[in-house]
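Heads up: the structure comes next, in structure tokens.
The values are calculated or read from the model by the stated rules, or taken from the named source; none is laboratory data. Every value quoted in this text rests on a predicted model; they were computed, and no experiment measured them. Note that we place each Cβ from the backbone using ideal geometry, even for glycine, and neighbour counts take in every protein chain shown. Surface accessibility is based on the protein's heavy atoms, side chains included, excluding ligands, DNA and RNA. Shrake-Rupley method; radii C 1.70, N 1.55, O 1.52, S 1.80 Å.
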Amino acid sequence: MKSIFFHLMPYPELPPDFPDEHRSVWVDIDPALYDPEVGNRTYNEYLDELEFAASCGFDAVGVNEHHSNGYGLMPSPNIIAAALSRNCPDTNIVVLGDSVALYNPPLRVAEEIAMLDGITGGRMVAGFPVGSPMDTIFAYGQNPATLRERYHEGVDLIRQAWTRDEVFSFNGKYNKLRYVNVWPRPVQQPHPPIWIPGGGSVDTWDWCAQEDLVYCYLSYFGYKAGLKTMQGFWKKVQETGKEANPFQGGFAQFIAVADTEKEAWDLYREPAEYFFNTCLHVYAGFADPPGYKTPNTVRAGVEGMVERAAREATARAEAKKSSTGGGYPKGLSFEEMVEKGYVILGNPTQVAEQVHELATTMHIGHLMTFCHFGNMNKDLVRYNTEMYATKVMPEVCDLFEDEYEDLWWPQPLDQPARRDVPEVSVS
Amino acid sequence: MASTSRPTRPSRRTGGIGQLSAYAAETLPFREGHLALVSCGEGSPVTYLHGMLGNPGEHAFLKALANNGWRVTAPSLPGFTGSSEPRGLRNLHDWVVAASELIDLAGVTGHPVVASSVGAMIALELATIRPEAFDAMVLIAPFGLWDPQDPVADPFATTLSNQRKMLTADPAASASFFDDLEEMPADLLVEHGVDRYLTRSASAQLIWPIPEFGISERIHLVKNPVTLVHGAKDAIIPASYLNKWEQILPNVVGVHCVEEAGHQAEFDRPEDIAAIATSALS
């Protein structure tokens with residue numbers, strides 16, 4: 001099993017009463033709350049954390065794309081990947097991913113991933129999410145009724161751009177290009193592995209199963225809640241007659257490891273509560289615009305992960321308004337988060353056991369680990385990262401590796417070029 | 001555009017949500033799918049082009065028009081109540097062409113029209129390029145204009161229950177759209193929900209993110225006599241837009257701001273709006 005150190009890059013200094021005083025951390029969050037000096041410090045700390053994780057031996061580091069929010073400060077994951085590409089020479093980089101429908105044209109994604117693959121010598125994974133409703137519909141004005149169609153056309157354009165060995169025209173419904181000719185070409189052939197992060201759409205299962213793409217369920221709510229979704233995906237894979245290779249699956253999980261369980265409870269409470277009660281304080285009206293879900297998903301009664309988070313956040317806010325007394329609204333408690341499996345917590349043995357259970361129960365070969373979450377300070381991030389890398393990862397890294405081949409993992413050059421900046425010599 | 005005669009043996013919806021039983025409900029082949037259409041009443045013909053709520057069965061406005069001596073034909077635009085999803089409709093031009101085909105297919109070309117909300121927007125756009133599409137027009141809160149100082153509200157960045165409150169002054173007025181029938185079988189319950197979702201999606205496809213497509217540049221082409229109606233409590237399009245339309249339409253023959261009525265005023269005050277329409281179109 002591969003462990004990917006995944007970073008969301010949240011804004012860490014929203015006020016404690018944020019859920020009480022503001023309706024949403026996403027879309028219409030007050031711009032006055034963003035302090036550029038905090039941003040400067042935060043971006044550099046987060047890049048340090050990613051590079052540290054790479055040095056600890058994680059199989060990859062991961063980044064993603066979000067807009068207009070305090071949940072994640074990466075409108076351009078490719079910029080972060082570029083910052084990492086030279087400083088982490090042996091680590092794979094998972095961009096999970098570029099919201100294809102938001103690029104005009106999506107060819108830009110093909111170009112930038114090819115650039116990154118070139119710089120890294122073939123260590124890129126290209127992730128293509130449809131994108132959350134907050135990002136795509138409300139922040140970027142995409143039409144919910146046509147978003148998925150636009151997205152699929154964009155992915156088709158990117159795949160053709162990478163694989164066709166000729167200059168070609170693309171006459172799509174949303175993209176019309178006379179001369180498609182991506183230079184550079186990706187190092188990995190036919191192209192970097194493509195992973196599809198999903199939040200619960202049943203049509204995405206079908207598509208990933210049919211097209212041999214990795215389906216990554218990036219859930220906030222842990223493996224106990226995510227099991228049904230992954231079972232739905234594996235059922236689709238089996239219906240295609242293909243082997244259920246665990247490396248065709250991915251899952252995201254919050255990790256909180258310490259020398260003792262008690263320490264873990266003490267150390268990780270605040271950052272977990274910040275993440276679940278502040279970073280996920282999304283107004284429900286932004287979570288389910290009509291047309292965003294396919295009729296099949298509506299018919300199946302599936303609630304997306306973002307929709308669920310927003311519904312619960314709005315319900316808590318409304319419950320607070322209708323209750324007497326003041327103060328900080330009662331959010332999700334850390335005890336509930338751990339009990340429900342949102343956060344895997346404990347000493348290294350306990351965490352390894354739970355990760356093992358997660359991986360085997362859900363049949364997952366790629367685990368996106370959140371060793372940073374919420375407003376965790378950099379020292380705690382370093383501690384959690386190192387604990388996981390040195391004491392948990394060795395216990396789970398062999399899972400599935402003997403029985404299955406990871407067909408969706410970067411295939412870098414044998415001898416890639418590396419950073420080679422000479423020292424300045426002053427005579 | 002030549003008129004297309006309707007089939008002599010139209011297919012009728014059976015079962016379904018059961019709300020169309022009081023009307024003649026039918027589906028007509030349209031491109032690769034179908035269009036749903038309801039009709040009621042006897043008398044002079046009038047077309048109803050629906051708004052964001054579509055044609056949710058036995059809504060009182062169609063009955064009120066019929067009671068005023070009209071033979072009402074109410075087609076559902078692509079994607080709305082019972083019609084196939086709007087595949088291939090990439091932009092406003094595509095929608096207007098589809099609407100042009102629709103009125104010919106439904107046999108209502110040249111009839112007077114009462115159009116609401118998104119339907120009113122489409123009717124206006126169609127009238128700019130095809131003056132004979134409609135006779136006189138009664139337009140209820142059309143989309144199409146945008147004043148940044150007094151913007152149209154966003155009816156999608158909200159929960160379903162709040163959207164309901166935005167569409168009519170009295171949420172109960174849209175029960176036929178938002179509420180499920182009692183004792184509805186489970187599978188029909190699911191499909192009713194899907195139908196509702198698809199209707200809401202079709203509205204989003206038409207007017208998201210900002211419903212302004214340059215109509216003010218071509219509005220001078222609408223020579224039809226137009227009666228404007230607007231709910232005083234319209235929570236989506238401010239009532240001030242009534243005056244904006246009056247100022248730019250070349251041939252306004254009536255202006256009505258209706259108290260205790262919201263965006264889809266014909267749901268809140270069906271008899272009053274039907275009386276206004278009857279007076280305007282007779």
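Does the range B:160-172 include one or more residues that are touching a strand residue (DSSP E or B) at 6+ places or on another chain (Cβ under 7 Å) and either within 13 Å of chain A (Cβ to nearest Cβ) or in contact (Cβ under 8 Å) with a residue 24 or more places away in the chain (or both)? Please lay out each step first, then the result.
Looking only at the range B:160-172, we keep the residues that are touching a strand residue (DSSP E or B) at 6+ places or on another chain (Cβ under 7 Å), and these are B:169.
Keeping just the survivors that are either within 13 Å of chain A (Cβ to nearest Cβ) or in contact (Cβ under 8 Å) with a residue 24 or more places away in the chain (or both) gives B:169.
Yes, there is a match, as at least one residue in the range B:160-172 is touching a strand residue (DSSP E or B) at 6+ places or on another chain (Cβ under 7 Å) and either within 13 Å of chain A (Cβ to nearest Cβ) or in contact (Cβ under 8 Å) with a residue 24 or more places away in the chain (or both).
For the range A:75-83, state whether one or more residues are in contact (Cβ under 8 Å) with a residue 40 or more places away in the chain, within 22 Å of A:M115 (Cβ to Cβ) and β-branched (V, I, T).
Of all residues in the range A:75-83, those in contact (Cβ under 8 Å) with a residue 40 or more places away in the chain come to A:80-81.
Adding the requirement that they be within 22 Å of A:M115 (Cβ to Cβ) leaves A:80-81.
When the remaining residues are screened for being β-branched (V, I, T), the result is A:80.
Within the range A:75-83, one or more residues are in contact (Cβ under 8 Å) with a residue 40 or more places away in the chain, within 22 Å of A:M115 (Cβ to Cβ) and β-branched (V, I, T).
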Legend entry - Among (1) within 14 Å of chain A (Cβ to nearest Cβ); (2) under 18 Å from the mean Cα position of the chain (by Cα); (3) of a type outside the set (D, E, K, R), the one test that B:I237 misses: (1)
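In the range A:57-91, what count of residues is obtained for those that are open to solvent by 30 Å² or more (accessible area, probe 1.4 Å) and not small (G, A, S)? Outline the logic, then answer.
Filtering the range A:57-91 down to residues open to solvent by 30 Å² or more (accessible area, probe 1.4 Å) leaves A:57, A:59, A:68, A:75-76, A:79, A:82-83, A:86-87, A:89-90.
Restricting the remaining residues to those that are not small (G, A, S) gives A:59, A:75, A:79, A:86-87, A:89-90.
The number of residues fulfilling the criteria is 7.
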Legend entry - Verdict on A:A300 being within 14 Å of chain B (Cβ to nearest Cβ) and modelled with pLDDT of 80 or more: yes
Legend entry - Unmet requirement for B:R196, which otherwise passes all of (1) more than 30 Å from B:Q247 (Cα to Cα); (2) charged (D, E, K, R); (3) more than 14 Å from every other protein chain (Cβ to nearest Cβ): (3)
Inset, instruction - Could you grab the pairs with beta carbons closer than 6 Å, sequence gap of 6+ or different chains, first residue in the range A:142-171 and part of a helix (DSSP H, G or I), second one open to solvent by 60 Å² or more (accessible area, probe 1.4 Å)? - result: A:T163/A:P190
Inset, instruction - Mind listing whichever residues of the range A:111-154 are β-branched (V, I, T) and surrounded by fewer than 24 Cβ atoms within 10 Å (Cβ to Cβ)? - result: A:I119, A:T146
Legend entry - Count - residues of the range A:265-297 that are open to solvent by less than 10 Å² (accessible area, probe 1.4 Å), within 19 Å of A:A101 (Cβ to Cβ) and more than 8 Å from chain B (Cβ to nearest Cβ): 2
Legend entry - In the range B:219-232, residue farthest from B:P78 (Cα to Cα) [restricted to those that are open to solvent by 10 Å² or more (accessible area, probe 1.4 Å) and not in a loop (DSSP other than H, G, I, E, B)]: B:H220
Inset, instruction - Scan (1) more than 14 Å from chain B (Cβ to nearest Cβ); (2) farther than 17 Å from A:I113 by Cβ; (3) open to solvent by 70 Å² or more (accessible area, probe 1.4 Å) for the single condition A:F170 breaks and write down its number. - result: (3)
Legend entry - Residues (open to solvent by 10 Å² or more (accessible area, probe 1.4 Å) and in a helix (DSSP H, G or I)) located in the range A:368-388: A:K378, A:D379, A:L380, A:R382, A:Y383, A:E386, A:M387
Legend entry - Which listed residue, of A:A359, A:A313, A:A352, is at negative phi, crowded, with 20+ Cβ neighbours inside 10 Å and at pLDDT below 90: A:A313
Inset, instruction - Considering each of B:S216, B:S176, B:S240 in turn, give the residue that is hydroxyl-bearing (S, T, Y), surrounded by fewer than 23 Cβ atoms within 10 Å (Cβ to Cβ) and over 19 Å from B:L145 (Cα atoms). - result: B:S176
Legend entry - Residue match in the range A:119-133 (condition: away from every other protein chain (no Cβ under 11 Å), hydroxyl-bearing (S, T, Y) and without any contact (Cβ under 8 Å) to a residue 60 or more places away in the chain): no
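Condition check ((1) polar (S, T, N, Q); (2) modelled with pLDDT of 95 or more; (3) assigned to a helix (DSSP H, G or I)) across all residues:
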residue	(1), (2), (3)
B:V118	no, yes, yes
B:T128	yes, yes, yes
B:P148	no, no, no
B:D187	no, no, yes
B:H192	no, no, yes
Inset, instruction - Would you tally the residues in the range A:173-182 being surrounded by 15 or more Cβ atoms within 10 Å (Cβ to Cβ) and either within 14 Å of chain B (Cβ to nearest Cβ) or assigned to a helix (DSSP H, G or I) (or both)? - result: 2
Inset, instruction - Look through B:A261, B:A235 and report the one residue that is of a type outside the set (S, T, N, Q), within 30 Å of B:A172 (Cβ to Cβ), in contact with an Asp or Glu (Cβ under 9 Å, 6 or more places away or on another chain) and assigned to a loop (DSSP other than H, G, I, E, B). - result: B:A261
Legend entry - Residue satisfying condition, being β-branched (V, I, T) and over 24 Å from A:I196 (Cβ atoms), within set A:V381, A:V396: A:V381
